[in-house]
Amino acid sequence: MKNREVAKFLLRLDFMVTSVLFIAVFSILFMLIYTPFSMAAWFDVTDERSMFVTFAFYIVAVATMIISKVAMRWAQGIIRISTPIYILWLVAEIIAITWLYIGFTRVILPDSICTPQFTMRVFSCVVAILAIPYTFVYLYAAYRSQREENQVMRYRERLLGNNVATSNLINLTDENGVVKLTIDIESLYYIESQDNYVKIYYDNEGSLQSYMLRCRTKSIESALANTSMMRCHRSYIINTANITLVRNEKSSPVAILKHPNIKPIPVSKSYYERLISLVNASQPSDSEAVAEANPLAPNGENSPSAASEMLEEIRALIGKYIKQK
């Protein structure tokens with residue numbers, strides 16, 4: 001139990017981004033209240049020098065947290081981050097920011113004496129600034145994660161209750177081979193790659209729902225072989241049976257899915273021809289309309305260039321980091 005992997009939502013990008021933003025805002029409010037009552041606080045914006053040092057500290061402290069989160073995202077692809085490792089990582093963040101504060105204190109108050117008591121006060125303050133936002137974000141993320149699991153359970157019960165044909169059911173497993181989601185291939189819309197996780201979007205009684213699964217994209221792509229699912233982009237696997245249109249948008253093709261709440265899915269040049277052929281195969285009645293509406297000949301004027309494809313992939317990566325669902 002001690003080496004059990006930390007809860008998956010703690011390593012999700014949206015959790016990390018939200019926690020850093022919440023801490024940045026909360027710390028400002030905390031210090032506005034705390035500074036008048038503390039001998040260790042020096043935050044001030046009444047003169048140019050103090051204001052510069054105060055802003056510089058906040059920028060460096062936030063940058064430190066961002067670097068820590070990026071490093072954690074990178075590390076999870078190499079090692080299994082257990083609960084003890086995660087806690088030690090947060091403690092390291094607290095120590096790093098504590099020493100940053102002490103370093104800035106020597107700049108703003110060069111005559112100050114950084115005694116052990118002063119260091120402990122700073123350490124306690126940093127713990128409070130980080131712990132309170134982390135707790136709120138953790139509770140909210142845990143609630144969302146549990147709701148996601150409950151949705152999956154209800155979805156599975158509905159499938160079994162409706163006696164869905166076994167041939168339509170796909171079992172999706174995590175990296176340990178444990179079945180985490182049983183899904184009707186007809187209700188599966190698309191899968192988005194997010195580092196060591198994939199986010200699965202599916203329909204549950206008309207409602208678009210998602211499930212985060214710790215699994216490599218290549219593994220899930222193999223599990224979905226010989227189905228209507230295919231990779232259409234380095235970050236996306238799409239259900240060709242649920243495509244209504246493939247159109248040229250901003251000099252690059254995108255696929256439009258049946259559900260109105262799903263954003264257009266980017267299609268890379270290298271996957272375009274195969275995507276159209278699979279759409280034609282999976283939707284024989286609509287294939288001509290789809291193809292005729294999108295005359296994107298690979299070597300024609302409307303063919304996406306390598307540059308536009310690269311820009312589309314960069315936009316997709318940026319979108320993953322600033323606008324997670």
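The values are calculated or read from the model by the stated rules, or taken from the named source; none is laboratory data. In this text, all values refer to a predicted model and were calculated from it rather than measured experimentally. Here the Cβ is made from the backbone with ideal geometry for all residues, glycine too, and neighbour counts use every protein chain on show.
Things to note:
- Lone unmet requirement of (1) in a helix (DSSP H, G or I); (2) polar (S, T, N, Q); (3) crowded, with 20+ Cβ neighbours inside 10 Å for residue 193: (1)
- Residues of the range 204-243 that are in a loop (DSSP other than H, G, I, E, B) and under 12 Å from residue 190 (Cβ atoms): 224, 228, 235.
- Within the range 192-206, residues that are closer than 14 Å to residue 175 by Cβ reach partners that are part of a strand (DSSP E or B) with beta carbons closer than 7 Å, at six or more positions or on different chains, in the pairs 196/214; 197/212; 197/213; 197/214; 198/191; 198/192; 198/213.
- Some residue of the range 33-46 being modelled with pLDDT of 80 or more, among the β-branched types (Val, Ile, Thr) and over 15 Å from residue 137 (Cβ atoms): no
- Residue in the range 256-268 that is modelled with pLDDT of 85 or more, within 27 Å of residue 153 (Cα to Cα) and either in a strand (DSSP E or B) or not assigned by TED's automatic domain parsing to the domain that holds residue 189 (or both) present: yes
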